[in-house]
Amino acid sequence: PLAPYYLFKNHSPKIVKEPGLFIKQNIMLAQIPHWLSLFFLLICVCTLLYFVNIGKHKKLLFTGLLIWAVVQSVLAYTGFYQDFESLPPKLIAFGVFPMLMMCILSVALPVGRRFLDSMYLKKLTWIHTNSIFVELALYFLFVYNVIPELMTFEGRNFDILVGLTAPLIAYLAFRGGKVNRSLLIVWNLISVALLLNIVIHATMSTPYPLVQRLSFEQPNIIIFSFPFVLLPTLVVSIALFCHVASLYQLFTKQSIPQINS
């Protein structure tokens, strides 16, 4: 099934103060409707396909990201990420950190900077409309008692504002054949701040002993399962990369060609 059953016998009572309630709530993971898992998978596929068409080297980028997504899915499905006692945390070490390093190296290395320069700035803006659908999926997961409320737009997740404003920003910033550099810089910086806000809250809600500070009654465990592991390892990583690529172009390029707008 797309929402596999979880084993929680290794959870420390220091982290979960009410283990009975914890187990009762998270058995509901197996009851997530298939349509919701499929809906989230569709979001991941659409995000990946749109992203690989933003710049050059489409086949290479598609192959690399597809392999990455398959590896992450297999690790999650086999329960590799459900070891919450390991240090460093496995999901951070093997799922998030490599993609973060890709963002850093893309700016630090000449080949990475050439790749960033090849990306279309307007498409880098439009891709963030996927946040609308991601936030809807997260809201439904909250409805099914799988994630804490703080991860939704009813809680502390305001990233949906990025998706709602992306079409308007794309229109205002590129109309008249010119690029409104200041508008895009401000919008991307605010968007990065909103993304970091939910990433921090989501991380502090995971059942890692040295990390969890929030949501003890309903920890954020959905990201350790397939297909939802693709949220931090693919969808969020692509969103961050697109903001980095946009800001790099806006701060370093003297002029942005019309074809890139």
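The values are calculated or read from the model by the stated rules, or taken from the named source; none is laboratory data. This structure is a prediction, so every number in the text was calculated from the model and none was measured. For neighbour counting, all protein chains shown are included, and Cβ atoms are generated from backbone atoms with ideal geometry for every residue, glycine included. The area values use the complete protein model at the heavy-atom level, side chains included, leaving out ligands, DNA and RNA. Shrake-Rupley method; radii C 1.70, N 1.55, O 1.52, S 1.80 Å.
Numbers at a glance
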{"quantity": "Surface share of carbon and sulfur [accessible, 1.4 angstrom probe, percent] for the chain", "calculated": "71 percent"}
{"quantity": "Per residue accessible area in Å² of the chain, where ligands, DNA and RNA are left out and the probe is 1.4 Å", "calculated": "49 Å²"}
{"quantity": "Per-residue [θ]222 nm for the chain (sum of -39500 (n - 2.57) over DSSP H runs n ≥ 4, rounded to 500)", "calculated": "-17500 deg cm²/dmol"}
{"quantity": "Contour excess over end-to-end distance, with Cα ends at residue 118 and residue 211 and 0.36 nm allotted per residue", "calculated": "29.7 nm"}
{"quantity": "Full-extension gain in nm, residue 200 to residue 39, via 0.36 nm per residue minus C-alpha separation", "calculated": "55.5 nm"}
{"quantity": "Distant alpha-carbon pairs in the stretch 110-261 (separation over 29 angstrom), percent", "calculated": "25 percent"}
{"quantity": "Packing-based ranking, highest mean first, of 248-255, 150-157 given that Cβ atoms within 10 Å are counted", "calculated": "150-157, 248-255"}
{"quantity": "Cβ crowding within 10 Å averaged over residues, with 182-195, 228-241, 52-65 ranked highest first", "calculated": "228-241, 182-195, 52-65"}
{"quantity": "Anisotropy class of the stretch 63-176 from Cα gyration tensor, a/c 1.5 cut", "calculated": "oblate"}
{"quantity": "Per-residue HN-Hα couplings for the stretch 89-100 [Karplus 6.51, -1.76, 1.60; θ = phi - 60°; Hz; x = Gly/Pro]", "calculated": "x, 4, 5, 5, 5, 10, x, 9, 4, x, 6, 5"}
